Amino acid sequence: MIGKKMKRDIPSLASDELVCGINRAGQRALLYSLGIDEEELKKPIIAIVNSWNEIVPGCAPLREIAEHVRRGVLGAGGLPFEFSTIGVCDGLAQGHGGMSFSLPSREIISDSIEIMLKAHCFDGAVFLGSCDKITPGMLMAALRVNIPSVFVQCGPMWHGCHEGKAISLPAIREFAGKLHAGIISEEEFKKVERNVMPTLGSCAMLGTANSMSCVVETLGLSFPMGATTPPFFANKKREARRAGVQVVKLVEKNLKPLDIVNEKSIENALRVAYAMSSSTNLVLHMKAIAEEAGIDITLEQMDKLSEETPNIVRVHPSGQVPFNALNAAGGVPAVLKSLGDLINVEEKTISGKTIGEIANQAEWADKDIIRPYSDPYAPNGGLKVLYGSLAPEGAVVKRPGVAENMFVHRGPAVVFENMEDAVRAVENNEIEKGSVVVIRYEGPVGGPGMREMQLVTTLMVGTGLSDTTALVTDGRFSGATRGPCIGHVSPEAALGGPIAYVKNKDIISINLHTGVLDLEVPKQELENRKKNMKIKNHHELRGVLRSFVERHKNR
């Protein structure tokens, strides 16, 4: 048996390279040293790819969930091995230099998982994901390696409560703005701080973490309701065990992520995201995920899909309903059911059902939280792409988070070279109402790392500025953001985009109806500024940030 191919439970496994043949005696010996016996080596080898750590609330429950996955794999006749990847909490990294490392972590996650899966010849994988960059990084790796895979998302924490109203993470930063403005007392602020996040899980809002979980489910790589089931529900444990069983079945069928993820399933995922008013960070992540599947998704295509898709869900931060309410209302399956003919119904999923079958079987319990296609909050989806003289290559805004009176705005620029200076100006009440706050040198190269501007946006909401004042940046925003916040302005300042040459009191005009973001400066004046104003380089970079910046300079 050793000299020839080992007789295994499933023929032609990827792990044959690891355990079969005389020349693999060293590999078998290493596995035997772990306590594995010869009979176990006949089974498919399954990775449990875990993002568990002790500091990220959205990852902390995954240690226990992994044990249920392991039970499922063993019960189905597989041999599980668990390994971990890193995970950054964007909430903890928010508002300081640590945020520069958040987006680069996505690449480290995808690369590290690829290395582990390929180096050790795994036959299949269960991915335990959560939080903003972990899930996109895992999706990128799953498509890149392309072995049978199932995703189990941690799921959301429970929302907090203050004075009878549901609150989630953005509330505490908005309350900080109220404290700065003298609207609330320090005692009330501390009370909110202690009660806003009462359990473990991903933040209880439709930020990037839960947006990406809904994407995973819509792509067909996790089970129905997986995105909205909290980690402390018994159903999450059952989902984890089922995932362990299912991944072994997928290995037997040789059904891989690239058999499931294609142009039509990506279109489904984007439509669901826009219908729910998901995070604008999906612009970054969905493009990278699509590229791993060999598909090119442009900003123009994303904008078109959003224009065609009604906004049927408004939960925190775009609405007053907590994200947790989506689970009882019917979750992603009910959203699919509401969207009806807009969905490509024949797409495969890891469950064995098509996405159309999942939609048809949805228990759509609450048609106020998840509205019918015929009675939406708005006829268009959550994303709006803007173009103009300030953003020749585009900029994005989360449309449902913007008050109707700010859809069209024209005002003088107040320019900041970084987020910290803008935060201080808001805290000190130095921003005049009606202006346009411009924060530049916060893009992928200039940031470095394209930091989120959530701290300044929530302060603007808390102080009341967001009702009259817009924010424009070449950085990005958290999915928690609401208000007239326009990000991803491209080209970024560090690469010579027009945003680098804006001066205080320049007039900027914004129109979310027509998709326009203009700098009202004559062309000749702008050309003169380009000759006389130097592009700033205020970073001496080392390590991962240097690598990240060099990669983005060459894109």
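The values are calculated or read from the model by the stated rules, or taken from the named source; none is laboratory data. None of the values given here were measured: they were computed from a predicted structure. Note that each Cβ is placed from the backbone with ideal geometry, even for glycine, and that neighbours are counted across all protein chains shown. To get the accessible areas, we keep the full protein, side chains included, count just its heavy atoms, and leave off ligands, DNA and RNA. Shrake-Rupley method; radii C 1.70, N 1.55, O 1.52, S 1.80 Å.
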Anchor residue 553: lysines whose Cα lies under 22 Å away (excluding residues fewer than 8 positions away in-chain): 133, 287, 530, 531, 534, 536
Per-residue ³J(HN,Hα) for the stretch 456-472, Karplus 6.51 cos²θ - 1.76 cosθ + 1.60, θ = phi - 60°, Hz, x for Gly and Pro: 6, 5, 5, 5, 5, 5, x, 8, x, 5, 5, 6, 10, 10, 9, 10, 10
log10 of Debye I(q)/I(0), alpha-carbon scatterers only, for the stretch 411-555 at 0.09, 0.14 Å⁻¹: -0.27, -0.65
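Which peptide among 17-27, 447-457, 353-363, 264-274 comes first, and what is the full order, when sorted by highest mean count of other Cβ atoms within 10 Å?
Per-residue Cβ counts within 10 Å, averaged per peptide and sorted highest first, yield 447-457, 264-274, 353-363, 17-27.
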In nm, spacing of pseudo-spin labels at residue 23 and residue 530 (7 Å Cα→C-beta vector): 5.8 nm
Ordering of 144-150, 257-263 by packing [mean C-beta count within 10 Å, highest first]: 144-150, 257-263
Cα-projected label distance for residue 544 with residue 12, points at 7 Å along beta-carbon direction, nm: 3.9 nm
Nearby lysines by direct alpha-carbon distance to residue 43 (threshold 20 angstrom, same-chain neighbours under 8 apart not counted): 4, 5, 7, 118, 249, 253, 256
Under 5 Å, built H, 5+ apart or other chain: amide partners of residue 387: 516, 517
Amide H contacts of residue 125 (H built 1.01 Å from N, under 5 Å, at least 5 apart or other chain): 47, 149, 150
Proximal lysines relative to residue 165, as straight alpha-carbon distance under 27 Å, when same-chain residues fewer than 8 apart are discounted: 178, 190, 191, 236, 367, 398
Nearest-20 debye value, the chain charge dipole, Cβ charges on Lys, Arg, Asp, Glu: 820 debye
Largest-first principal axis extents, alpha carbons of the stretch 121-256, Å: 62, 29, 22
Residue among 392, 356, 370 farthest towards the positive dipole end of the stretch 352-407, charges placed on Cβ: 392
Cα-centred dipole magnitude for the stretch 429-541, charges only on beta-carbon of K, R (+1) and D, E (-1), debye, nearest 20: 240 debye
Gyration tensor (alpha-carbon) shape descriptor, the chain, a/c threshold 1.5: prolate
C-alpha center-to-center spacing [the stretch 434-452, the stretch 477-500] in angstrom: 6 Å
Carbon/sulfur fraction of accessible area - the stretch 156-315, other protein chains in place, 1.4 Å, %: 50 percent
Separation between Cα centres of the stretch 298-326 and the stretch 69-124, rounded to whole Å: 28 Å
Radius of gyration and maximum dimension Dmax of the stretch 23-146, Cα, Å: 16.1, 54
Residue 472 long-range amide H proximity, modeled H, under 5 Å: 437, 438, 439, 486
For the stretch 403-462, size of Cβ-based charge dipole, Lys and Arg +1, Asp and Glu -1, in debye: 140 debye
Peptides ranked, highest mean first, by Cβ atoms within 10 Å: ranges 126-139, 287-300: 126-139, 287-300
Hz values of 3J(HN,Hα) by residue in the stretch 54-68 - Karplus curve (6.51, -1.76, 1.60), Gly and Pro given as x: 8, 9, 9, x, x, 9, 4, x, 6, 5, 5, 4, 4, 5, 6
Integer Hz, Karplus 6.51/-1.76/1.60 couplings in order for the stretch 373-378, x for Gly and Pro: 3, 7, 9, x, 5, 8
In Å, descending, principal axis extents of the Cα set of the stretch 349-461: 53, 33, 29
The stretch 486-547: C-alpha gyration tensor shape, a/c 1.5 cut-off, then a/b vs b/c: oblate
Length gained when the stretch residue 404-residue 264 is fully extended (0.36 nm per residue, less Cα-Cα span): 47.1 nm
